[in-house]
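The structure appears right after this line, and notes come after that.
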Amino acid sequence: MPLSKQTWLSAVTKRMGRVCVTATLGLLAIANTGCHLVSSARHAIPAHRLDPNLFDCPRDDLAPLPYAALGQEKPMEHLIGPGDVLGVYVFGVFPPGEDDTPVQNRAQAVNQRYYPPRGTVVGPTTGLPVTVDINGEVDLPLIDRVNVQGLSLTQATDKIRKTYREADMIAAGRERVSVGLITPRVKRVVVLREDTPATPVALASPQAVDEVHRGSGEVIDLPVYESDVLHALAATGGLPGTDAERELYVIRRSPTIDYRFMNIEQLQTMVDTLGPESGVVRIPLVGCPDQPIPFTEQDIKLDEGDVLFVPRRNEYFTTGGMLPGARIPLPRDRDIDVIEAIAMATGSAGGPLGRDGGVLAGAGVSYMREPTRVLILRDLPDNRQITIRVDLDRAMKDKKERIRILPDDVVMLYFKPGSATLNSTLNYIPSAVVGLMIRDAD
């Protein structure tokens, strides 16, 4: 006797239900084994077995260097050198035939980018202006050139007075000689910044990569004893912004250095391989508290023609696998671990029903077992690559599994083999049963 359509569908449904239950129990057993069937994960290193100190110093442990170390120590007295403009007065000789003492004033524009910014007038001084030449000498009337390099103003006054008296140019007891400083010598340097000074703060999604940076460049004159990294930064916008590296480079002007095609990688290579002979000095702005300051006072002094370079920060990690493909900037001042990286990529590190609860609206099965395997591809300093395997189930309980994400890491989210089979089957079986029922009902 032939079965009615309703009876046949009921039998098929019961049989398929038994198949689904049996398959589901088997797949659950497979899913819980955590077996490693994916070839890309077979030789990966478990994250909890890696020593955290194997890689660079954690950002959370870095501390800003004392900013005063970026400036040079100023001597108690100004020491004369080539380029200084002195005010020299010798009674009856320089200037000749004047009884009144000449007074010099130097005006300074209010908006001039020049140090020291002390108003519109920088100090009155007595005497006529005399520039110290490249040899450290001054040319005065009736006597030979006088070398005043390295002398204080008081010492230079005594030396000029003694020279005129020995030449019998002034009478004893009438040695009215004075030497003052009108304009200190300056060092002209170039400051190139790849960060964006004074940019308005704007919020952006983690996947948004800002590839447009304005940058800036300025030529500034810094007086002696203030021609250093600290004053150069203060004159051009302050400390580097969050879009800049926390390090600077001082590039010395030298005819022996090949400056062609120079970029940040080349600068760092020159510092590592040649050291001081490279003509490039790296000035870090942060460091590990247990380490000494890695530069000297001579390193932060800027000379004529030097370039202070502020490089742009270029630290990203890349996502893939079940995560949306993106190139995401790393925070500058703190570390993130693998779970935080997944969250920044708008993924889910745990929970059923996929990455969100949106599947409930469609009445679908979606993921009954969430993805819990992460593979991290990491480049080593010697240009080798390692693969690190992270178990997110274990990461919820073991902090060692929550490995730090470093620049240029590739973070890929996957299912474990058992979970992938379970989810695929549970999504396929209901669809197959419904299709069979509709076809036979017709």
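Residues that are farther than 16 Å from residue 65 by Cβ, touching a residue at least 12 places away in the same chain (Cβ under 8 Å) and of a type outside the set (A, V, I, L, M) within the range 271-313 comprise 278, 279, 301, 303, 304, 305, 306, 309, 311, 312, 313, listed in sequence order.
Among the residues making up the range 321-346, those that are of a type outside the set (A, V, I, L, M, F, W, C) and either open to solvent by 40 Å² or more (accessible area, probe 1.4 Å) or under 9 Å from residue 411 (Cβ atoms) (or both) are 321, 324, 325, 327, 329, 332, 333, 334, 340, 346.
Find the residue count for the range 213-242, including only residues that are in a loop (DSSP other than H, G, I, E, B) and open to solvent by 30 Å² or more (accessible area, probe 1.4 Å). Walk me through how you get there before you give the answer.
Of all residues in the range 213-242, those in a loop (DSSP other than H, G, I, E, B) come to 213-215, 224-227, 236-242.
Going one step further and asking which of them are open to solvent by 30 Å² or more (accessible area, probe 1.4 Å), we end up with 213-214, 225, 237, 239, 242.
Qualifying residue count, the range 213-242: 6.
Each residue in the range 288-320 was checked for being surrounded by 17 or more Cβ atoms within 10 Å (Cβ to Cβ) and touching a Leu at 6+ places or on another chain (Cβ under 7 Å), and 7 pass.
The set of residues in the range 214-239 being out of contact with any helix residue (DSSP H, G or I) (no Cβ under 8 Å at 6 or more places or on another chain), touching a residue at least 60 places away in the same chain (Cβ under 8 Å) and within 22 Å of residue 294 (Cα to Cα) consists of 225, 226, 227, 231, 232.
Listed here are the residues, each with its yes/no results for (1) modelled with pLDDT of 85 or more; (2) over 23 Å from residue 85 (Cβ atoms).
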{"position": "124", "(1), (2)": "no, no"}
{"position": "127", "(1), (2)": "no, no"}
{"position": "134", "(1), (2)": "yes, no"}
{"position": "149", "(1), (2)": "yes, no"}
{"position": "181", "(1), (2)": "yes, no"}
{"position": "191", "(1), (2)": "yes, yes"}
{"position": "196", "(1), (2)": "no, yes"}
{"position": "203", "(1), (2)": "no, yes"}
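What do you reckon, is residue 262 at pLDDT below 90, part of a helix (DSSP H, G or I) and either in contact with a helix residue (DSSP H, G or I) (Cβ under 8 Å, 6 or more places away or on another chain) or open to solvent by 40 Å² or more (accessible area, probe 1.4 Å) (or both)?
Numbers: at pLDDT below 90: yes; part of a helix (DSSP H, G or I): no; either in contact with a helix residue (DSSP H, G or I) (Cβ under 8 Å, 6 or more places away or on another chain) or open to solvent by 40 Å² or more (accessible area, probe 1.4 Å) (or both): yes.
For residue 262, the condition - at pLDDT below 90, part of a helix (DSSP H, G or I) and either in contact with a helix residue (DSSP H, G or I) (Cβ under 8 Å, 6 or more places away or on another chain) or open to solvent by 40 Å² or more (accessible area, probe 1.4 Å) (or both) - is not met.
The values are calculated or read from the model by the stated rules, or taken from the named source; none is laboratory data. Just so we're clear, the structure is a prediction, and the values are computed from it rather than from any experiment. We place every Cβ from the backbone using ideal geometry, glycine too, and count neighbours over all the protein chains shown. Note: accessible area is taken over every heavy atom of the protein model, side chains too, but ligands, DNA and RNA are not part of it. Shrake-Rupley method; radii C 1.70, N 1.55, O 1.52, S 1.80 Å.
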